[in-house]
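Undergrad: Here it is: the structure, laid out below.
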Amino acid sequence: MKVAYCIRKNWKTAHGGDVVQMLNTKAEIEKGYNNVSIQIIDNVAELKTFNPDIVHIFNMQTLEESNEYLQEAKDMGAKTVLSTIYWDMSHARFIVNFAKIGLFSTGECYKKMYNIYNNAESLIASIFGKPTSATKSYKDSVRKFLLEFDWYLPNSEEEMQIVNKIFNTEYKNYTVIPNSVDFNKFPYLRNFERKGFITAARIEPIKNQLQIVDICKDVDLDLDLTLVGGVTPNNLNYLEAVKRKAYGLT
């Protein structure tokens, strides 16, 4: 069996979660199945030459490139599979926009504020066409794209629920494939002195370190926390807010 793993053209220079997922999936499939030949494809011409039985596309957010692969797969009669790798980013836009004026998203009141923001964003998108992902035309394009697949491979049940909710679909032809941990890099099972936890991510509002600090400082939990990650110049004010919270200055 021949399987094409189709990915965005810049996958070698712009490593992201989709690339990690693709490479690790390829490695595990090849380890367990001798009769499967997998080729990573980053342009449509290669897809034609390889002529696979199954076309597995990684990432629905790179819509234009992914759609090219999809249409070629349909033309050659291959089965099509999609690793959705999708999340509703309106939460991130909400957090980032408030962070620009020094308001950082923690607490229950922000849930109510988010609902107001989300409705306003939909109205603004309908008038100005921005943000693109909130426009009707974008959602119609994605809905048409999703319609063509034989099977879907979300990372979680919640991810598929979000896809169905955002794009007003009701797909049930999917299998949840959870993201996992490489125990060679993260030897969790060999660590017998675990205490507290570590988060590894850029220090920025959408990663929510401020609320994590808040949770760890809860007197009933008293958890040690280590934050590992860089910070961009436009998020230095957020870093300072995290430090103040951690040292009990706010």
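Undergrad: Hey, among THR250, THR169, which residue is surrounded by fewer than 16 Cβ atoms within 10 Å (Cβ to Cβ), among the polar types (S, T, N, Q) and either closer than 28 Å to ALA125 by Cα or modelled with pLDDT of 90 or more (or both)?
TA: THR169
Undergrad: Follow-up. Just one of (1) surrounded by fewer than 17 Cβ atoms within 10 Å (Cβ to Cβ); (2) in contact (Cβ under 8 Å) with a residue 12 or more places away in the chain; (3) outside any strand (DSSP E or B) trips up VAL163, so point out which.
TA: Against the list (1) surrounded by fewer than 17 Cβ atoms within 10 Å (Cβ to Cβ); (2) in contact (Cβ under 8 Å) with a residue 12 or more places away in the chain; (3) outside any strand (DSSP E or B), VAL163 comes up short only on (1).
Undergrad: If I ask for residues that are assigned to a helix (DSSP H, G or I), of a type outside the set (Phe, Trp, Tyr) and in contact with a strand residue (DSSP E or B) (Cβ under 9 Å, 6 or more places away or on another chain), which ones from the range 69-85 would you list?
TA: Correct list: LEU70, GLU72, ALA73, LYS74.
Undergrad: Identify all residues within the range 1-37 that are of a type in the set (Val, Ile, Thr) and touching a residue at least 12 places away in the same chain (Cβ under 8 Å); write none if there are none.
TA: The answer is VAL3, ILE7, VAL19, THR25, ILE29, VAL36.
Undergrad: Same structure, new question: Across the range 174-214, which residue is surrounded by the fewest Cβ atoms within 10 Å (Cβ to Cβ) among those that are aliphatic (A, V, I, L, M) and in a loop (DSSP other than H, G, I, E, B)?
TA: Taking the candidates together, the pick is VAL181.
Undergrad: Could you tell me which numbered condition LYS144 fails, if it satisfies all but one of (1) without any contact (Cβ under 8 Å) to a residue 60 or more places away in the chain; (2) within 30 Å of LEU236 (Cβ to Cβ); (3) outside any loop (DSSP other than H, G, I, E, B)?
TA: So LYS144 meets the others, but not (2).
One line per residue, one yes/no per condition, for (1) under 21 Å from the mean Cα position of the chain (by Cα); (2) under 21 Å from GLU157 (Cβ atoms):
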{"site": "ASP18", "(1), (2)": "yes, yes"}
{"site": "GLN21", "(1), (2)": "yes, yes"}
{"site": "ASN24", "(1), (2)": "yes, yes"}
{"site": "LYS31", "(1), (2)": "no, no"}
{"site": "LEU47", "(1), (2)": "no, no"}
{"site": "ASN67", "(1), (2)": "yes, no"}
{"site": "ALA73", "(1), (2)": "no, no"}
{"site": "TYR86", "(1), (2)": "yes, yes"}
{"site": "MET89", "(1), (2)": "yes, yes"}
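The values are calculated or read from the model by the stated rules, or taken from the named source; none is laboratory data. What you see is a predicted model, and the numbers here were worked out from it, not measured in a lab. Note: ideal-geometry Cβ built from the backbone for every residue, glycine included; neighbour counts use all protein chains shown.
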